[in-house]
Amino acid sequence: MKKIPVIIFLLVLQGQFILAQSHPAPRSYIAYKAEGAIEIDGKANEDSWKKAEFSDDFVDIEGHKNPKFQTRMKMLYDETYLYFYAKMEEPHIWGTLKQRDTVIFYNNDFEIFIDPDGDTHNYLEFEVNALNTVWDLFIAKPYREPGPIVDSWDIQGLKSAVFIDGSLNNPKDQDAFWSVEVAIPWEVLKEANTHTRIPKNEFWRINFSRVNWVHDIQGNTYSRKKDKEGNYLPEYNWVWSPQHVINMHEPEKWGYVYFSEKAVGDVDEFAIPEEEHIKWWLYDLYRKQKSYFAKHGKWAPNLKALSIPQPSLNDLQLKPTYEQHLSGWNISVKSPYSDDILLIKEDGKFVKL
């Protein structure tokens, strides 16, 4: 997929740690605890859903275009499930794929990406079309690194439903929207986290994508539209938190979802921790290392070769350490917030020591 470099600089301004970058920080959302049972019917009629706030409107994946149709999501949780609801405006609601674990994004679809521990490895992807056909998979490493994609992995105990305000696969009328409601058991989500507790007062890295195709109609059948040479026209990718590149599989750019211990209807606050800014900087170094290797056939001999400025924090210089070893390299820095060592490896895995 096409990739656009992100240039990141760390500056000191009025005694605060500032991340000056070519793109704004990822979006954030607070998920509250549901009150009462949630029926998965695609409608989100329960009081808890009515109290939960919608997210900001989805934007184009590259972040600089407004989608043609509105998309928004909500989240809730209880002691058993993490819940998602998405509402998608669409005048022509269609779907053809009916077999589980087929490539659902060949239809218009809604997608959820979840990285519980934020290390960009071992994350979950969920896709569903208007027929409520599901594709769930476990991804050991992003596609930029060699690693297994476990298509046969299923979300045990998954619940999903689709509601359609209009008619499915009927080109003779105009529809209003389709909505998706999903419940994923915590017991499954814990498999990719560093602990087995429900992450109350913690945040996860999560993002959402809506794939929309320019369609063609033959008789009463919808399909993806092709150009004169018989190639499919490119799809639209509308996301909650922009990736600034046409690639959902850069988890370090996903949004932040904070799980408040408060009940829905209460008010809580969340700000992306400053330590995460250091993590963004480490991923910029990772991308620069990948570019250096592609150009020179070897890793950079030192950080200076990557042409990255020294990061500063409250007039103190952060001192990154660069280590080369037989299988690659590590770049690490001591966090001034927690005294933890923040480290990124040659395969992009983030580690906190």
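The values are calculated or read from the model by the stated rules, or taken from the named source; none is laboratory data. In this text the structure is predicted, and so the values were computed from the model without any measurement. Cβ sites come from the backbone with ideal geometry, for glycine too, and all protein chains shown count toward neighbours. Note: accessible area is taken over every heavy atom of the protein model, side chains too, but ligands, DNA and RNA are not part of it. Shrake-Rupley method; radii C 1.70, N 1.55, O 1.52, S 1.80 Å.
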* Among the listed residues Lys172, Lys200, which satisfies the condition of being open to solvent by 50 Å² or more (accessible area, probe 1.4 Å) and free of Cβ contacts under 8 Å to residues at least 60 places away in the same chain? -> Lys172
* Can you work out which of the residues in segment 248-267 that are outside any helix (DSSP H, G or I) and open to solvent by less than 10 Å² (accessible area, probe 1.4 Å) is nearest to Ala140 (Cα to Cα)? => Glu250
* Which one of the conditions (1) more than 19 Å from the chain's Cα centre (by Cα); (2) touching a residue at least 24 places away in the same chain (Cβ under 8 Å) does Trp254 fail to meet, given that it meets all the rest? -> (1)
* Which condition does Trp94 not pass, out of (1) of a type in the set (Phe, Trp, Tyr); (2) in a loop (DSSP other than H, G, I, E, B); (3) open to solvent by 30 Å² or more (accessible area, probe 1.4 Å), if it passes all the others? -> (3)
* So which residues in segment 52-67 are modelled with pLDDT of 95 or more and either assigned to a loop (DSSP other than H, G, I, E, B) or within 15 Å of Ala37 (Cβ to Cβ) (or both), if there are any at all? -> Ala52, Glu53, Phe54, Ser55, Asp56, Asp57, Phe58, Ile61, Glu62, Pro67
* **Residue list for segment 48-91, restricted to those being surrounded by 16 or more Cβ atoms within 10 Å (Cβ to Cβ), among the aromatic types (Phe, Trp, Tyr) and within 17 Å of Asp109 (Cβ to Cβ)** => Phe58, Phe84, Tyr85
* Structure fact -> All-but-one check, Gln324 against (1) over 28 Å from the mean Cα position of the chain (by Cα); (2) touching a residue at least 24 places away in the same chain (Cβ under 8 Å); (3) crowded, with 16+ Cβ neighbours inside 10 Å, failing number (3)
* Asked: Conditions: (1) aromatic (Phe, Trp, Tyr); (2) outside any strand (DSSP E or B); (3) closer than 19 Å to Glu250 by Cβ. Trp153 meets all but one. Number of the miss?
  -> (3)
